[in-house]
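The values are calculated or read from the model by the stated rules, or taken from the named source; none is laboratory data. Just so you know, these numbers come straight off a predicted model, no measurement behind them. Here the Cβ is made from the backbone with ideal geometry for all residues, glycine too, and neighbour counts use every protein chain on show. Protein only, heavy atoms only, side chains kept; ligands, DNA and RNA dropped before computing areas. Shrake-Rupley method; radii C 1.70, N 1.55, O 1.52, S 1.80 Å.
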Amino acid sequence: MRKNRPSSGKFDVTARSPDRTVSVEYSGVWGDYDFTMLKLFRRSCAVPGLIACLITISRAQQPAPQPADDYVRTHYTKYEYRIPMRDGKRLFTAVYVPKDATGGPYPFLMDRTPYNVGPYGEDRYPQRLGPSEEFEKAGYIFVYQDVRGRWMSEGDFQEMRPHIDNKKSPQDVDDASDTYDTIDFLLKHVANNNGKVGIWGISYPGFYTSASIIDSHPALVAASPQAPMTDLFMGDDGYHGGAFMLSANFGFYVSFHPQTEPQTPQPTTPFSFGTPDSYKFYLQAGNVANLDKLYLKGSNWLFNDQVTHNTYDAYWQARDLSRHMKNVKCAVLVVGGWYDAEDLSGPFKTFHAINKFNPDTPATLVEGPWVHGGWARTDGSHLGDMQFNSKTAEYFRANIQFPFFEHYLKGKGATQPKAVVFETGTNVWRTLDDWPPKPAAAKTLYFHAGGKLSFDPPAEPKGVDEYVSDPNHPVPFVGYTTDTVPQRYMVDDQRFASYRPDVLVYQTDPLDEDVTIAGPISPKLKIASSGTDSDFVVKLIDVYPDNYPDAEGTAAGNKRITDAPPLHMGGYEELLRGEPFRAKFRNSWEKPEPLVPGKETDINFTMPDLYHTFRRGHRIMVQVQSSWFPLTDRNPQTFTDIPNARAEEFRSATEQVFHQKDAASGVEVMVMP
C-alpha cells in the first residue's frame, strides 16, 4: 500500500499488487463502448428496443470472464485516484500504467465519460484499453475518468454543462477546467510520463473531449472528439428542425438517471414497454408529457428538461459548445459517420468552429459510412443492405486514428490532411484540402408536375401537389415493426413510404452520367397548410435501376419462399438524408409563429452534409411528408404547446407543396464538377 498526496487538497490512493485473476463487470472501455451503446446510441437505443439494449447493459454489469491471455492485467498496473478540482470536488480516475518502465516515458491518453469507468477496484482490470487494439501494445498511459456528478465522482451533474468563458473564481468550473486540473495532477503524480496528453471520446464523451480543448492545459497536444454532442437542439440528439427526437430520447432517459451521491453501477431491471412495437407504444401514450406522467412519474428531471425546453431558449443556447471553441491549441481529429442517427451534425459544427476561431490549429475532419460510433466497434464493411466493399472502420482505426495520436504524442509519422472522407455510391476514400470541397457548386433539384424532379426550374404558371396529413395515423419512419431506432434506418429502403397517399414523391429520369454531391443539403419549399402548424419531412433518396442485380443466391420468381422474403435490389430506394422541419420555427427558433391557414409560406432549412455519387442509370428521388413516427414526436397541426397537446388538438391538415414559376419548390445540393 502507498499513499500519494498532491501539493494541495486532500487525496488518498491505495495500490494493490494484481496477483490474482478477477472477473470484470465492465471496463472503462466497455463502459464507454458497451455503455456507450447507450449513448453510442445516446438516444438511439430507443423504445421499446431499449429492452434489448438495457438487457445488454445489465449483462455488462455482471462479472464477465477475463480473456484467456489477460493482456491488460499482465502488462499494466492500475491506480485509482480521486483528483481534487479547483473547487474542492474530487473526480474518480482510473489510470493504467505500462509495467515496462524501460519503454517510457509514455504519453497519457484520456477518456472522460458519464457512463462509468468500471470495473472499480485496483485489482480489477478491463478486457481492453484505448480507442482500439493498436494502442494497447504501443506504449500509452491510459486514463479513464467519471465526469463531475457521475458514478464515483463528486459534484453536481449538468446535462452538457455550459462552458464559462470568463472564470472569476475557483467556483467557476466546467469541463474545460476539470480536464485542466486533471492533467495538471497527472503530470505531477504519475511517474514515467513524457509530458504529453491526448484525449478522445465518442458521443457524450465526444462532448467532453471538445470541451477539454478550450483554453486547454499546455500538455494537451492531441484530441479526437468523435460524434461529439455539440448543440442538442440544433440537429444533435434532442431536436431536429424543431421536432423532438421522441423514441431515442425517451429510450435513453428510462435508464440514464440523475445521481445524488457517488456510487458504483448496480444491476438494474429494464424498463418494460409491454410491446415490441414502438409505433404502437408511443401512439397509445398520447402526448409527450404523458410519458412522464405514466412512466417516469417525475423521477427524471433530465428528460423533463429536454421536453419542456422545446424552443431554442437560453437553456439550449448556453449548451451550444460550438460558439465557445476558442483558444484551441492542440491538434484535433474530428470524427463522424455519414449515417449517425444521433450526432450527425456535431462533427461538422465542431470542425467548422475550430477552423473559424483557431485558423492556425491543425484540424482534420474524418467522415466514413458509419453509424454512431461504428468506426470503433465494427469493421465498417456494410450497413443494412448497403455494402461498402472494404472494411472502412478497420482502415480508419489503423491508418488514421492511430497515426494521428502517434504523431502528436510521440513524434512519429506525418500529419493528416484537412479532410479524409468516404464517398458513398462509388465507395472510395478521398483526401481533400477542405470541407465542403471548394469545387462543389450549389444546384437545385426542382419539383415538377407528375412527380418529376430535375435541375431545370419549373416554367408552369400554376402547379401544386397536396396530401392530407393525419397525426393520428402518422407515417412510420421504417417499413417494418421495430422495438427500437434501428441504426440501419439511415439507409433503409423507402419503397414502403412511396406507396402512401400522404407522401409526395418526385424523381429524376435515369441519370445519363454520375452526379456527385458534397456538402450540406438545403430544402426550399413553398407550402400552404390548412392547419396552424405542421412538420415537413424531406428525404433525399438514391433509386436503384429496376434491373439492378440481386445478391448471389437470392430467389427470383420462385413462389416457394417459406423463410424470410428475399431482398430485391432492383428499384431499391436507399435513404441518404432525411430531416424534419417544424413550420412554426420558419422565422425564429426562439419565437415560434403559427401558420396562417391557406397562406403560401416559405420553408427553408438545411440538412447535414453528405458525400455521395448517384451512379449512371440510377434516379434521384425526393419524398415530402408531414410525420416520421415515432422517430420524431407528432405535430398536432395545431399551434399549441406540443408536449401537452390535448387529444382534440391533433387534427388532420391538408398540406400543399407548390411547383410553379413564381413559387418553385426543390432541394439545393452541392454538385461536384
Task: Rg to Rh quotient for segment 147-288, alpha carbon positions, Kirkwood Rh - done: 1.05
Open item on the list: Show log10 I(q)/I(0) for segment 305-448 at q = 0.10, 0.11, 0.18 Å⁻¹, two decimals, from a solvent-free Debye sum over equal Cα scatterers.
Closed with: -0.43, -0.51, -1.16
Open item on the list: For R560, R577, R319, R646, give me the order by solvent-accessible area with a 1.4 Å probe, most accessible first, ignoring ligands, DNA and RNA.
Closed with: R560, R646, R319, R577
Open item on the list: Using only the Cα atoms of segment 458-557, what are the Rg and Dmax in Å?
Closed with: 17.1, 52
- [ ] May I ask you to list the lysines whose Cα is less than 28 Å away from that of K599, ignoring any residue fewer than eight positions away on the same chain?
- [x] K443, K452, K462, K524, K526, K539, K584, K591, K661
Task: All aspartates and glutamates inside 14 Å of K326 as judged from Cα atoms, apart from same-chain residues fewer than 8 positions distant - done: D165, D215, D360
TODO: Go ahead and run the numbers for FRET between T269 and K452, Cβ-Cβ distance against an R0 of 51 Å, rounding to 0.05.
DONE: 0.40
TODO: Using a 1.4 angstrom probe, figure out how much accessible area the chain has per residue, in square angstrom, rounded to the nearest whole.
DONE: 38
TODO: First obtain the Kirkwood hydrodynamic radius of segment 598-673 from its Cα pairs, then insert it into the Stokes-Einstein equation at 37 °C and 0.692 mPa s, and state the resulting D in µm² per second as a whole number.
DONE: 202
- [ ] Leaving ligands, DNA and RNA out of it, report the carbon-plus-sulfur percent of the accessible area of segment 468-528 at a 1.4 Å probe.
- [x] 50
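Would you please report the Å³ per residue occupied by the convex hull of the alpha carbon atoms in the chain?
Given the Cα convex hull of the chain, per-residue volume reads 162 Å³.
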TODO: Express the C-alpha Rg of segment 534-583 as a ratio against the empirical globular expectation 2.2 N^0.38 Å, rounded to two decimals.
DONE: 1.64
Task: Residues in segment 651-667 that a label on V468 would reach, taking backbone N under 16 Å of a point 7 Å out along Cα→Cβ - done: 651-656
Task: Euclidean distance of C-alpha centroids, segment 156-191 and segment 266-297, integer Å - done: 37
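Working from the pairwise distances between different alpha carbons, so that the mean of 1/r is found and then inverted, what is segment 511-594's Kirkwood radius in Å?
17.1
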Task: For segment 147-303: lysine pairs under 26 Å (alpha-carbon distance), excluding those fewer than 8 apart on one chain - done: 6
Task: Global size of segment 393-449 as Cα Rg and Dmax, reported in angstrom - done: 16.6, 61
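Looking at segment 109-205, what % of the alpha carbon pairs are farther apart than 18 Å?
Summing the P(r) tail past 18 Å for segment 109-205 gives 53 percent.
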Open item on the list: To check my understanding: the extent here is largest minus smallest coordinate of the Cα atoms along each principal axis. What are those three numbers for segment 70-128, in Å, largest first?
Closed with: 37, 24, 17
TODO: Work out, in µm²/s and without decimals, the Stokes-Einstein translational diffusion coefficient of segment 243-285 at 10 °C, 1.306 mPa s, Rh from Kirkwood over C-alpha pairs.
DONE: 126
